[in-house]
Amino acid sequence: MVEEKIEEPKEEKKGFFSRALEKTFASIKTVVPQKKEKIAFDDVEEMLIEADMEYEIIEKAMDGLPEEITRKQLRHRLVMLFEHAPDVDLNNLPKPFVRLIIGVNGAGKTTTIAKLANKSKKEGKSVILGAGDTFRAAAIEQLATWADKLDVPIIKTKQGHDSSAVAYDTISSAVSRNIDNVIIDTAGRLQTQTNLNNELKKIVKVCGKAQENAPHQKLMILDGTQGNTAIAQARAFNEMVGIDGIIVTKLDGTAKGGALFSISNQLELPIFFVGIGEKQDDLIEFSPDAFVDSLLDEIYTEEK
């Protein structure tokens, strides 16, 4: 039996981005209040600044565009900014498929792990969680509460215990129980950057001992409300352990939706998912086309 990956239809993704980007839309409409067929170069530039897109990226996107810009011209340039977001082949994944979730405290790691676990279950895959943020007791409790709610197993220990041992035990348990997906939390802050760096490197190394080539994906959770300031965070973590992709959270709580262009382009990393809200279903696979179209729908009349 061939397992089919559930792919959200494009219209559904556009609808999701329309909800997620309400505050961003409100800020771009201060520059372009009425929909038009063509928009002046300066207005497009100002609109992108309002959406928190870095100026250097705006210059790159708009280089050589005419004084009056059509939807088609702008769309092409904006979608191009996500060229670093390759299509990732999620067929023939190793079993168990191990994801390590990385990010600073408060970015929405625990909720995102729950959303990823829920997504796996909906796709008919079994999943196990590893409470690897042993620095904070609250992180262990929060994840255990979600595991209970979603009815998925969790491997946990007491606060202060070795997080890499949790990672090893979670993967070993998945192997012995024939579980498809492993999602492991990690600490977002230790007393010093050096401590954090050493701990994350150790977890990565230990995952590889528990299963060859694990972790298969190291995903960085970025708080969308931080806009471009999140880029420096991602760079630091990328230098520590090498990030494979980004999940942007809390996009509905900010007018800085344009930062997604900068995040993907500057870091040269794909954005895999975007999350809004606290509900377990509030996570969607990122689509550059749907994201750009939902932005342009707000300012351009329909193309004839």
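The values are calculated or read from the model by the stated rules, or taken from the named source; none is laboratory data. Just so it is clear, the structure is predicted and the values come from calculations on it, not from any experiment. Positions of Cβ are backbone-derived with ideal geometry, glycine not excepted, and every protein chain shown enters the neighbour counts. Heads up: the accessible areas ignore ligands, DNA and RNA and are worked out on the full protein's heavy atoms, side chains in. Shrake-Rupley method; radii C 1.70, N 1.55, O 1.52, S 1.80 Å.
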(message) Please determine whether any residue of segment 74-88 is at pLDDT 95 or above, among the charged types (D, E, K, R), touching a Lys or Arg at 6+ places or on another chain (Cβ under 8 Å) and open to solvent by 40 Å² or more (accessible area, probe 1.4 Å).
(response) no
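Among the residues of segment 282-304, how many are of a type in the set (Gly, Ala, Ser) and either outside any helix (DSSP H, G or I) or without any contact (Cβ under 8 Å) to a residue 12 or more places away in the chain (or both)?
To start, the set of residues in segment 282-304 that are of a type in the set (Gly, Ala, Ser) comprises 287, 290, 294.
Applying the additional criterion that residues be either outside any helix (DSSP H, G or I) or without any contact (Cβ under 8 Å) to a residue 12 or more places away in the chain (or both) yields 287.
Qualifying residue count, segment 282-304: 1.
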(message) Filter segment 90-141 down to the residues that are of a type in the set (Ser, Thr, Tyr), over 18 Å from Phe237 (Cβ atoms) and either part of a strand (DSSP E or B) or in contact (Cβ under 8 Å) with a residue 60 or more places away in the chain (or both) and list them by number.
(response) Thr111, Ser120
(request) Check Pro215, Pro270 and return the single one that is within 24 Å of Ala114 (Cβ to Cβ), in contact with a Cys (Cβ under 8 Å, 6 or more places away or on another chain) and of a type outside the set (A, V, I, L, M, F, W, C). (result) Pro215
(message) So in segment 268-281, with the set limited to residues that are under 13 Å from the mean Cα position of the chain (by Cα) and not in a strand (DSSP E or B), which one is farthest from Arg99 (Cα to Cα)?
(response) Ile276
(message) Cβ-Cβ distance below 8 Å, separation of 6 or more or different chains: which pairs start in segment 33-45 with a residue that is within 14 Å of Arg71 (Cβ to Cβ) and open to solvent by 100 Å² or more (accessible area, probe 1.4 Å) and end on one that is modelled with pLDDT of 95 or more and of a type in the set (A, V, I, L, M, F, W, C)?
(response) Lys38/Ile69
(message) Given the condition modelled with pLDDT under 95 and either over 23 Å from Ala255 (Cα atoms) or more than 22 Å from the chain's Cα centre (by Cα) (or both), answer yes or no: does some residue in segment 143-156 qualify?
(response) no
(message) Can you say whether Ala230 is of a type in the set (A, V, I, L, M, F, W, C), open to solvent by 30 Å² or more (accessible area, probe 1.4 Å) and at pLDDT below 90, as far as the supplied structure shows?
(response) no
(message) Checking Lys201 against (1) within 20 Å of Gly108 (Cα to Cα); (2) outside any loop (DSSP other than H, G, I, E, B); (3) touching a helix residue (DSSP H, G or I) at 6+ places or on another chain (Cβ under 7 Å); (4) of a type outside the set (A, V, I, L, M, F, W, C), only one condition comes out false. Which one?
(response) (1)
(message) Under 8 Å between Cβ atoms, which residue pairs at least 6 apart in sequence (or on different chains) link something in segment 201-225 that is within 13 Å of Leu100 (Cα to Cα) with a partner that is of a type in the set (Asp, Glu)?
(response) Gln217/Asp244; Lys218/Asp244; Leu219/Asp244
(request) Would you confirm whether any residue within segment 178-192 is touching a residue at least 40 places away in the same chain (Cβ under 8 Å), open to solvent by 20 Å² or more (accessible area, probe 1.4 Å) and hydroxyl-bearing (Ser, Thr, Tyr)? (result) no
(message) Please pick out the residue among Ser120, Ser126 that is farther than 30 Å from Leu296 by Cβ, in contact with a helix residue (DSSP H, G or I) (Cβ under 9 Å, 6 or more places away or on another chain), among the hydroxyl-bearing types (Ser, Thr, Tyr) and surrounded by 14 or more Cβ atoms within 10 Å (Cβ to Cβ).
(response) Ser126
(request) Sort out which residues of segment 2-24 are open to solvent by 100 Å² or more (accessible area, probe 1.4 Å), under 18 Å from the mean Cα position of the chain (by Cα) and modelled with pLDDT under 70, and write them in order of number. (result) Glu7
(request) Can you give me the number of residues within segment 39-65 that are touching a strand residue (DSSP E or B) at 6+ places or on another chain (Cβ under 6 Å) and at pLDDT below 95? (result) 0
(message) Please go through (1) modelled with pLDDT under 90; (2) within 13 Å of the chain's Cα centre (by Cα); (3) open to solvent by less than 40 Å² (accessible area, probe 1.4 Å) for Lys250 and return the number of the only condition it doesn't satisfy.
(response) (3)
(request) Please tell me if Ile57 is assigned to a strand (DSSP E or B) and in contact with a helix residue (DSSP H, G or I) (Cβ under 7 Å, 6 or more places away or on another chain). (result) no
